[in-house]
Amino acid sequence: MAEKKLVLTFSSEQVNSPLTFRLARDFEVDISILRAEVTERGGKLILSLNGPEDGIRGAIAFLEENKVQVGEVARFVVRDEERCTDCSMCVSICPVRAYQLDKKSWKVVFDQDRCIACGVCVDACPALALKCEDHLTQTV
Ligand code: SF4
Ligand code: SF4
């Protein structure tokens, strides 16, 4: 089993086609949509694909055959645990809920697997505890 986080860029003609539904049905991959910015003029989806490696490869090839631009999220955010004060600022602004406040310990827990490296929390952290390790989004 494998996981890939992808950025899909759609044109206006592709917005209403059931492409993501076809991925799940035809390639046996589980899809989690992490972020969607779609209008009638086109848009971007950031999603996570989980499944067998050949299924993921097939799904990417299918998208490209359908003229969807496919990139891989290759950035990630790291947190300096020494600097973090658990202020929770990042909890409310993260668009994919990568931070959760643990109500027992009052610590902010970071789930790096959910992160799409948008950089919003890096700019917002008052303790300067966060940084992006790599700002590239690679074409698959
Ligand atoms: S905003 Fe920074 S200091 Fe505050 S909880 Fe998040 S990582 Fe820690
Ligand atoms: S960079 Fe920060 S705000 Fe953006 S997805 Fe990752 S954890 Fe959330």
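Throughout, read-outs are computed from the coordinates displayed, never taken from laboratory work. Note that the coordinates shown come from a computational prediction; the quantities given were computed from them, not determined experimentally. Please note: Cβ atoms are built from the backbone with ideal geometry, for glycine as well, and neighbour counts cover all protein chains shown.
For region 113-128, take each phi angle, set θ = phi - 60°, evaluate the Karplus expression 6.51 cos²θ - 1.76 cosθ + 1.60, and give the result in whole Hz per residue in order, putting x for glycine and proline.
Couplings: 5, 7, 5, 10, 6, 6, x, 4, 5, 4, 6, 8, 5, x, 8, 6 Hz.
Dipole magnitude of the chain about its Cα centre, charges +1 at Lys/Arg Cβ and -1 at Asp/Glu Cβ only, in debye to the nearest 20?
Numbers: 18 positive and 22 negative charges, 80 e Å.
Taking the Cα centre of the chain as origin, the dipole is about 380 debye.
To the nearest µm²/s, what D does Stokes-Einstein give for region 77-132 at 20 °C and 1.002 mPa s, using the Kirkwood radius over alpha carbon pairs as Rh?
Rounded, D is 193 µm²/s.
Run the Debye formula on the Cα coordinates of region 2-73, all scatterers equal and no solvent, and tell me log10 I(q)/I(0) at q = 0.12, 0.19 1/Å.
-0.26, -0.68
What lysines could a cross-link reach from Lys44, if we take a straight Cα to Cα line under 27 Å and drop same-chain neighbours fewer than 8 places away?
The reachable lysines, counting only those whose Cα sits under 27 Å from Lys44, are Lys4, Lys5, Lys67, Lys131.
If you take the alpha carbon radius of gyration of the chain and divide it by 2.2 N^0.38 Å, what ratio comes out, to two decimals? Working shown, then result.
Numbers: Rg = 16.8 Å, N = 140, 2.2 N^0.38 = 14.4 Å.
Rg over 2.2 N^0.38 Å, computed on Cα atoms: 1.17.
Given the options Tyr99, Leu34, Thr20, identify the residue whose Cα lies farthest towards the positive end of the charge dipole of the chain (+1 on Cβ of Lys, Arg; -1 on Cβ of Asp, Glu).
Result: Tyr99, furthest along the dipole toward the positive end.
So what is the calculated 222 nm ellipticity per residue for the chain, using -39500 (n - 2.57) for each DSSP H run with n of 4 or more, over all residues, to the nearest 500 deg cm²/dmol?
Details: 4 runs with 32 residues, N = 140.
Value at 222 nm, helices only: -6000 deg cm²/dmol.
HN-Hα J couplings of region 92-105 from phi, Karplus 6.51/-1.76/1.60, θ = phi - 60°, integer Hz, Gly and Pro as x?
Using θ = phi - 60°, the values come out as 7, 9, 5, x, 10, 6, 7, 10, 10, 8, 7, 6, 7, 9 Hz.
Relative contact order for region 77-132 using alpha-carbon pairs under 8 Å, separation at least 6, rounded to a whole percent?
So the answer I get is 46 percent.
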